[in-house]
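Throughout, read-outs are computed from the coordinates displayed, never taken from laboratory work. What you see is a predicted model, and the numbers here were worked out from it, not measured in a lab.
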Amino acid sequence: MAPADFRTTRSHGVRRRAALCALASALALWQAPAFSAEPALPTGLNAPAKPAPMPAFDLPLTAGGTLRSESLRGQVTVIRFWASW
């Protein structure tokens, strides 16, 4: 392969990669608003009008003892409810 052929092949590959990167960027920007939107609430479920404090509770732990809501104050807490029926 002559040096001129190598440069032509190399520049074609660089242009192709640049075009693919531009296409990927355009697709990412086109989809960006969908990722930033809030998910839709299920039918019949309404979000509260304003934040409300969590009510106080005492829950029994499976290992024994009790979990009190006061011990969670100031922490981000995720509570999952489930049932076995």
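Amide H to amide H under 5 Å from residue 67: which residues, 5+ apart in sequence or cross-chain, H placed 1.01 Å off N in plane?
Counting only residues 5 or more places away or on other chains, the set is 59, 61.
How much length is gained if the chain between residue 75 and residue 54 is pulled fully straight, taking 0.36 nm per residue apart and subtracting their Cα-Cα distance, in nm to one decimal? Before the final figure, lay out the partial values.
Numbers: separation 21, 0.36 × 21 = 7.56 nm, distance 1.23 nm.
Using 0.36 nm per residue and subtracting the Cα-Cα distance, I get 6.3 nm.
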